[in-house]
Amino acid sequence: MDHDHYPDDYIHGILSSVKTVAMVGASANEVRPSFFVMKYLMAKGYRVMPVNPGQAGKEILGQLVYARLADIPDTIDMIDIFRASDAVPGIVDEVLALNPRPKAIWMQLTVRHDEAARKAEAAGIQVVMNRCPKIEYARLCGEIGWSGVNSRVLSSKKPQLRSGFQSFGLRQPK
């Protein structure tokens, strides 16, 4: 996988197939990016389970916080990493110890670790690095275009909402 350029269908495939997300490095601070990414993903129908040892046993956005991935009693489809790049190898080792293993590991903006990515991919786990699932979801469903950000779609037609709260839903890439 070329981790510098992801095809839209690869990103779409991950975002449309996962239902549960473990967010490693989730924050209870509402001005932190992990907080609003968690809130956004939950609004789009994902079940997000925060992982933060310092907040374990408390709640973030009404969700119980776990100290580590192994503490989560439910199946996890995707790991979203909000930690520094040097923490990724340890997190990947935790992921590889899970049974069943998640479908994907997603590393947030500025988070990248090529060796850990190769290790996860060798175990059959899809990997995305240096991307935000909130941004990618919004881009693929057309929401990000409302803010004037380049969505690769140029049209004079007014967008039509699908079901859901201010969401077009994920569109199949062309």
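Below, the figures for the structure above:
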item	result
Members of the stretch 97-120 found to be assigned to a helix (DSSP H, G or I) and either touching a helix residue (DSSP H, G or I) at 6+ places or on another chain (Cβ under 7 Å) or surrounded by fewer than 17 Cβ atoms within 10 Å (Cβ to Cβ) (or both), listed by number	ASP114, GLU115, ALA116, ARG118, LYS119, ALA120
Filter result for ARG83 (over 16 Å from the mean Cα position of the chain (by Cα) and of a type in the set (Lys, Arg))	no
Test result for ALA138, outside any loop (DSSP other than H, G, I, E, B) and either modelled with pLDDT of 95 or more or not aliphatic (A, V, I, L, M) (or both)	no
When residues of the stretch 65-74 are limited to those that are among the aliphatic types (A, V, I, L, M) and either buried (at least 18 other Cβ atoms within 10 Å of the Cβ) or touching a Ser or Thr at 6+ places or on another chain (Cβ under 7 Å) (or both), the one farthest from ALA123 (Cα to Cα)	VAL65
Matching residues in the stretch 75-95 - criterion: being surrounded by 15 or more Cβ atoms within 10 Å (Cβ to Cβ), hydrophobic (A, V, I, L, M, F, W, C) and farther than 19 Å from ILE11 by Cα	ALA87, VAL88, ILE91, VAL92, VAL95
Qualifying residues in the stretch 37-85 (those that are among the β-branched types (Val, Ile, Thr) and either assigned to a loop (DSSP other than H, G, I, E, B) or touching a Gly at 6+ places or on another chain (Cβ under 6 Å) (or both)) - the one nearest to ASP114 (Cα to Cα)	ILE76
Some residue of the stretch 75-82 being within 19 Å of LYS19 (Cα to Cα) and touching a Cys at 6+ places or on another chain (Cβ under 7 Å)	no
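The values are calculated or read from the model by the stated rules, or taken from the named source; none is laboratory data. In this text the structure is predicted, and so the values were computed from the model without any measurement. When we count neighbours, we look across all protein chains shown, and the Cβ atoms used for this are built from the backbone with ideal geometry, even at glycine.
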